[in-house]
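One structure below.
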Amino acid sequence: MERLWSPWRSEYIETLRSPDEECVFCDIANRENEDEKVFVVQRRKFNYVVMNIYPYNNGHMLVVPYDHVDNITQLEDEVLNESMFLLKSLTTVLAGIFKPQGFNLGLNLGEAAGAGIHEHLHFHIVPRWKGDSNFMPVLGKTKVISTDLKLGYEKIREQINRLFPV
Ligand SMILES: [Zn+2]
């Protein structure tokens, strides 16, 4: 179980947090004209998709409902339906770009469950390769936004909007 859940403990996005904004996910939601700066690949009606800039693996993405809630029971079904649609879309997009051997999809509810930013619910999708658990956590702690990450962002953004346009 440790291996399954550990990817989602390597969060992050601290550099995006502006001093006067309490919640990083609300902050990103509000920065509508800065998608490239905040690594958003798509905004839909109820959710947006953002790259985890301190990823567990290449292509580690987050689906974030606009609602600032900490429990899945507080979200309307139409919001969750769209979250699932986006996770499904990302599975197609990431499979095409990164050719992983598997995926972890899911969420952590509450700090005790390993949520890095527990006050604003978000879903993870993490491409996985056999044997990746040994060396990738090291990469996950790297505080530099690499060229690879930016290239990955451009590719994911292009593909999701081509295959699953808003
Ligand atoms: Zn929030």
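What follows is calculated from the coordinates using simple rules that are stated; it is not laboratory data. Remember, it's a predicted structure, so these values are computed and weren't measured experimentally. In this analysis, Cβ positions are derived from the backbone assuming ideal geometry, glycine residues included, and neighbour counts consider all displayed protein chains.
Karplus-derived 3J(HN,Hα) values for the stretch 96-102, using 6.51 cos²θ - 1.76 cosθ + 1.60 with θ = phi - 60°, are x, 7, 9, 6, x, 8, x Hz; glycine and proline are entered as x.
Using the Cβ of Glu119 as centre and a radius below 10 Å, the other residues enclosed give a net charge of -3, where K and R count +1 and D and E count -1.
Across the stretch 148-158, computed HN-Hα scalar couplings (Karplus, 6.51 cos²θ - 1.76 cosθ + 1.60, θ = phi - 60°) run 4, 5, 5, 5, x, 4, 4, 5, 5, 4, 5 Hz from first to last residue, x flagging Gly and Pro. Taking amide H as placed 1.01 Å from N in the peptide plane, the amide H of Trp129 sits under 5 Å from that of Gln101, each at least 5 places away or on another chain.
Starting from 0.36 nm per residue, how many nanometres of slack lie between Glu119 and Asn81 once their C-alpha separation is accounted for?
Working: separation 38, 0.36 × 38 = 13.68 nm, distance 2.08 nm.
Using 0.36 nm per residue and subtracting the Cα-Cα distance, I get 11.6 nm.
Modelled spin labels at Glu154 and Val69, positioned 7 Å past Cα toward Cβ, are 3.9 nm from each other. With a simple spin-label model that places each label point 7 Å from the Cα along the Cα-to-Cβ direction, the separation between Ala112 and Glu36 comes to 4.5 nm.
For Val41, the residues 5 or more places off, or on other chains, whose built amide H falls under 5 Å of its own are Val49, Val50, Met51.
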